[in-house]
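A short write-up of the structure that comes next.
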Amino acid sequence: MLKHFELKELKQDNRGEICLLRFGNSEPKLEAFLSHTKTSVSRSGYYFKPNKIIGDMPPRIYLVLNGRFLYRNKDIKTGEETEKEIKTGDYIYLEPNHAHMFTALEDSDMIEFTPGSTEKEEMIPYPPYRELVEKSVMK
């Protein structure tokens, strides 16, 4: 039996659903986000500044539980952009100062691990990606 475990629905709308999973008995609690994303919907559109609290750990780790996404990543400092398809079982380590966006190629499920405390991270919107995310909400 799991102790010190909390699952809370954060948002459910025409894009899908996002839940917060918290576990552990110390502060800060470990967190992960579970998401279901409908076909053609984009999520994220942010980047994270380096965080001295988590050191060399990536600000986020994403694992595709089911489905397929088009993953876009842009290094804010160099301007280099990559794009690739990720599918069930694939995972991505996000680096600081890398904007990222996921677009569901089919109804898909993902878990997002947060190695550091989310209250202590600085999440910055990346306008070109955020605009695409917002447009996918309007569909």
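The values are calculated or read from the model by the stated rules, or taken from the named source; none is laboratory data. These figures come from a predicted structure and were not determined experimentally. Note that each Cβ is placed from the backbone with ideal geometry, even for glycine, and that neighbours are counted across all protein chains shown. When the accessible area is computed, the model is the full protein with side chains, heavy atoms only, and any ligands, DNA or RNA have been set aside. Shrake-Rupley method; radii C 1.70, N 1.55, O 1.52, S 1.80 Å.
Of the residues making up segment 46-96, those that are at pLDDT below 95, touching a strand residue (DSSP E or B) at 6+ places or on another chain (Cβ under 8 Å) and among the basic types (Lys, Arg) are Lys49, Arg60. Meeting the requirement of 2 or more residues that are buried (at least 18 other Cβ atoms within 10 Å of the Cβ), the strands (runs of 3 or more DSSP E) wholly within segment 71-113 are 91-94, 98-104. If the condition is being in a strand (DSSP E or B) and open to solvent by 80 Å² or more (accessible area, probe 1.4 Å), then segment 39-65 contributes only Leu65.
Conditions (1) of a type in the set (S, T, N, Q); (2) modelled with pLDDT under 85; (3) in contact with a His (Cβ under 8 Å, 6 or more places away or on another chain); (4) buried (at least 17 other Cβ atoms within 10 Å of the Cβ), marked per residue:
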{"position": "His4", "(1), (2), (3), (4)": "no, yes, no, no"}
{"position": "Asn14", "(1), (2), (3), (4)": "yes, no, no, no"}
{"position": "Ser26", "(1), (2), (3), (4)": "yes, yes, no, no"}
{"position": "His36", "(1), (2), (3), (4)": "no, no, no, yes"}
